[in-house]
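A.B. asks: Have a look at this one before I ask anything.
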Amino acid sequence: MSHEAELIAALRSLATHKAARGLLDDAAVLELGGERLVLTHDMLVEGVHFLPGDPPGDIAWKLLAVNLSDLAAKGARPIGVLMGYSLTGDSGWDAAFVDGLGRALDAFGVPLLGGDTVSLPVGAPRVFGLTALGTAAAPVPSRAGVKAGDQLWVTGTIGGAGAGLRILTGELSGSDELTERYRRPLPRLTAGERLAPLISAMMDVSDGLLIDSSRLAEASGLAAAIELGDVPLSPAHLSACGGTRAARLAAATAGDDYELLFAASPEQTPALHALSEALGLPFTRIGAFAPGAGLSLADGGEALPLPPRLGWEHGSVSC
């Protein structure tokens with residue numbers, strides 16, 4: 001178990017309010033007088049979630065987008081954000097961040113409502129936090145709603161952000177489309193809101209398709225099976241990385257995609273295809289759920305061993 005998982009497990013004894021959803025979900029859901037308020041908080045740390053040389057405006061965009069992605073996974077419509085900002089004494093950098101944040105807020109139609117600023121010691125990595133608030137209609141999907149026999153689907157394409165990071169660090173050659181996927185993810189807000197009434201459970205893909213699929217299965221007390229050959233890759237990704245088994249495994253364990261991962265009954269397939277066409281956003285069936293536990297992987301029907309690392313975890317250690 002990772003240190004992150006150990007800490008969250010310890011915090012569950014404190015998070016007893018039903019709005020916390022047992023700390024097993026992407027966001028908290030607070031019911032107030034018939035209104036469902038959805039709240040989430042994510043942080044970005046220099047050298048962990050973004051590169052030291054990334055443009056400040058792109059970091060601001062990503063800070064907002066990753067939090068809005070959590071709202072999208074609950075079918076919520078954003079109503080505002082609060083930000084925590086670390087000052088490092090570089091006024092030019094701060095100005096560029098503020099300009100980028102303004103552009104991102106305008107792009108998603110979200111107001112900044114407040115927050116806090118702190119000063120960091122000289123040389124400390126930059127750290128930012130953002131709390132996003134939204135409202136949602138019932139039902140608000142959780143990770144724990146999957147039923148045996150449900151199919152596993154994902155929006156868009158997978159692995160583009162991971163390939164973009166490798167391009168930015170000089171490990172790979174590829175197009176600007178992939179670096180854009182890493183620096184400026186697009187939260188699937190409209191898709192999340194439209195999917196919510198049709199599906200059993202939903203979350204966003206932030207830490208990697210395999211690890212997040214395993215979390216969806218675990219939260220619902222089921223086993224998940226994924227067909228690696230069905231994992232959707234973009235033409236830009238295929239051009240840069242190829243379509244080999246190794247390339248698909250790398251894509252399935254890379255983070256920062258911020259696509260929606262959801263479970264739905266087979267009876268919803270026609271409605272899902274119709275919605276996908278209406279939105280102009282691919283929905284791809286990549287697996288299924290069954291009684292049991294854990295995650296299994298196949299490629300063209302051939303069973304595969306799981307890779308040692310399913311995705312990103314903070315402070316992961318061997319147990």
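A.B. asks: Given the rule -39500 (n - 2.57) for each run of at least 4 DSSP H residues, summed and divided by the residues of the chain, what is its mean residue ellipticity at 222 nm, to the nearest 500 deg cm²/dmol?
C.D. replies: Details: 10 runs with 107 residues, N = 319.
Value at 222 nm, helices only: -10000 deg cm²/dmol.
A.B. asks: While we're on this one: Choose one of L120, G84, A223: the residue whose Cα lies farthest towards the positive end of the charge dipole of the chain (beta-carbon charges +1 Lys, Arg; -1 Asp, Glu; about the Cα centre).
C.D. replies: Of L120, G84, A223, it is A223.
A.B. asks: Let me ask something additional. Would you mind working out the magnitude of the charge dipole of the chain relative to its Cα centre, with +1 at each Lys and Arg C-beta and -1 at each Asp and Glu C-beta, to the nearest 20 Debye?
C.D. replies: Dipole about the Cα centre, nearest 20: 460 debye.
A.B. asks: Might you work out the accessible area of W312 for me, using a 1.4 Å probe with all protein chains in place, and round it to the nearest 10 Å²?
C.D. replies: 100
A.B. asks: Starting with the highest mean, order 250-257, 81-88, 238-245 by the number of other Cβ atoms within 10 Å, averaged over the residues of each peptide.
C.D. replies: Numbers: 250-257: 24.1, 81-88: 18.1, 238-245: 15.4.
Result, highest mean Cβ count within 10 Å first: 250-257, 81-88, 238-245.
A.B. asks: Given charges of +1 on the Cβ of Lys and Arg and -1 on the Cβ of Asp and Glu, with all other atoms neutral, how large is the dipole of the stretch 53-147 about its Cα centre, in debye to the nearest 20? Don't skip to the end; give the middle numbers.
C.D. replies: Numbers: 7 positive and 8 negative charges, 124 e Å.
Computed charge dipole of the stretch 53-147: roughly 600 debye.
A.B. asks: Below 8 Å, C-alpha to C-alpha, sequence gap of six or more: please give me the relative contact order for the chain in percent. Please report the intermediate quantities before stating the final value.
C.D. replies: Numbers: 716 pairs, mean separation 74.1, N = 319.
The value is 23 percent.
A.B. asks: About the Cα centre, and with charges only on the beta carbon of Lys, Arg (+1) and Asp, Glu (-1), how big is the dipole of the stretch 12-71? Nearest 20 debye, please. Display every interim value, and only then the final one.
C.D. replies: Numbers: 5 positive and 9 negative charges, 60 e Å.
Computed charge dipole of the stretch 12-71: roughly 280 debye.
A.B. asks: Okay, next question. Rounded, prolate or oblate: which fits the stretch 1-122, taking a ≥ b ≥ c as square roots of the Cα gyration tensor eigenvalues, rounded meaning a/c under 1.5, else prolate when a/b beats b/c? If you can, show how the numbers build up before the last one.
C.D. replies: Values: a/c = 2.21, a/b = 1.39, b/c = 1.58.
It comes out oblate by the Cα gyration axes.
A.B. asks: Right, something else. Can you return the lysines within cross-link range of K147? Criterion is Cα-Cα under 24 Å, with same-chain partners fewer than 8 residues away left out.
C.D. replies: K18, K74
A.B. asks: Starting from the Cα of D299, move 7 Å in the Cα-to-Cβ direction to define the label point; list residues of the stretch 217-243 whose amide nitrogen is under 16 Å from there.
C.D. replies: 226-233, 238, 241-243
A.B. asks: Please work out which option in (1) 46, 26, 17; (2) 29, 24, 20; (3) 33, 22, 18 gives semi-axes √(5λ) of the Cα gyration tensor in Å calculated from these coordinates, and answer with its label.
C.D. replies: (2)
A.B. asks: Please identify, among L168, L32, L64, the residue showing maximal mean-square fluctuation in a Gaussian network model of the chain using a 10 angstrom Cα cutoff.
C.D. replies: L32
A.B. asks: Another question, if that's okay. Could you tell me what percent of the DSSP beta bridges with both partners in the chain are antiparallel, to the nearest 5? Walk me through the intermediate numbers first.
C.D. replies: Numbers: 43 of 56 bridges.
The antiparallel fraction comes to roughly 75 percent.
The values are calculated or read from the model by the stated rules, or taken from the named source; none is laboratory data. Because the structure is a prediction, the values reported are computed rather than measured. When we count neighbours, we look across all protein chains shown, and the Cβ atoms used for this are built from the backbone with ideal geometry, even at glycine. To get the accessible areas, we keep the full protein, side chains included, count just its heavy atoms, and leave off ligands, DNA and RNA. Shrake-Rupley method; radii C 1.70, N 1.55, O 1.52, S 1.80 Å.
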